[in-house]
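The values are calculated or read from the model by the stated rules, or taken from the named source; none is laboratory data. Computed from a predicted structure; not experimentally measured. Here the Cβ positions follow ideal geometry from the backbone for every residue, glycine too, while neighbour counts run over all protein chains shown. The area values use the complete protein model at the heavy-atom level, side chains included, leaving out ligands, DNA and RNA. Shrake-Rupley method; radii C 1.70, N 1.55, O 1.52, S 1.80 Å.
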Amino acid sequence: MNAGRPLPQRAAAAQRGFTLIELIAAITLLAVLTTILMGTVRGAERSTSAANDAVERTEQYARTHAFLREHISGVLPMRWRREVSQPLKFSGKQTSLTYFAPVTSQIAEGGVMWWQLAVAKSTQKSQLVMRRQAADPEEKAVPDISAAEQPIVLADNIEALSISYFDAGYDPLTNPDSGNWVDSWDENSRMPSIIAIRVTETGGKRWPDLYVPVKLSQALGCNFDYQRQRCIIQSTVNR
């Protein structure tokens, strides 16, 4: 004989299922596992988003740097020939750069124009832009093209632009240690040797600094003949 409950009673107890405590424990465990899983998924999403942002940011400044390096290095040290002092057609400030250069093949074919690199800010966006304007043969000063329409957008979400200029001095060959960096270019008889560009994104992230050697930086200044692609020193020019 069985000392415990009869066999029919034991079978009925086994068929009752889980108790309330067991159900609560199972639900709690499921909730904990779900929370862990969702946290893992959100973490993976954040990591993927951060990786995508980093890739897009790297592509943006790499593309912009490549364009600026090619374009700014080709600045032309041209002068106003009707002026007595013949200052160079160049204006270097800390937050903007205005210069005279050829039109690149990415934009159009042939010719030279005024160009300006600056940050354009509005209530909705802040962008690194390149403005352009056709040259006026009668102008005798660097024009203000800050309001030029349809600028070329180089990068979005840009907070600040800082530009500095390397002054190699009047005689860098015999006095190579005389050079120094300046925040603005006030010389009107010669070009800077190197232009350094620092871009800061919205949020404070900074791009790697870009250093652009100027190809044509004749210390004595020149009238640039862009058809023959060479400088003509002042003493050889018949005015």
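Among the residues examined, A51 does not qualify as at pLDDT 90 or above and loosely packed, with under 12 Cβ neighbours inside 10 Å. Here T64 meets the list (1) at pLDDT 80 or above; (2) of a type in the set (S, T, N, Q); (3) open to solvent by 30 Å² or more (accessible area, probe 1.4 Å); (4) closer than 30 Å to W185 by Cβ almost entirely, failing just condition (3). When the range 133-154 is filtered for residues that are in a strand (DSSP E or B) and crowded, with 18+ Cβ neighbours inside 10 Å, only L154 remains. Picking from residues in the range 214-236 that are open to solvent by 80 Å² or more (accessible area, probe 1.4 Å) and not β-branched (V, I, T), the one that is modelled with the highest pLDDT is K215.
Taking residues in the range 63-74 that are within 17 Å of V112 (Cβ to Cβ) and among the small types (G, A, S), and partners anywhere that are open to solvent by less than 10 Å² (accessible area, probe 1.4 Å) and at pLDDT 90 or above, the pairs with Cβ atoms closer than 6 Å and at least 6 places apart or on different chains are S73/V212.
Return yes when L88 is aliphatic (A, V, I, L, M), at pLDDT 75 or above and either open to solvent by 80 Å² or more (accessible area, probe 1.4 Å) or over 16 Å from M191 (Cα atoms) (or both) and no when it is not. Please lay out each step first, then the result.
Numbers: aliphatic (A, V, I, L, M): yes; at pLDDT 75 or above: yes; either open to solvent by 80 Å² or more (accessible area, probe 1.4 Å) or over 16 Å from M191 (Cα atoms) (or both): no.
No; evaluated as a whole, the condition is false for this residue.
The single condition from (1) at pLDDT 75 or above; (2) part of a loop (DSSP other than H, G, I, E, B); (3) touching a Lys or Arg at 6+ places or on another chain (Cβ under 6 Å) that F100 fails is (2).
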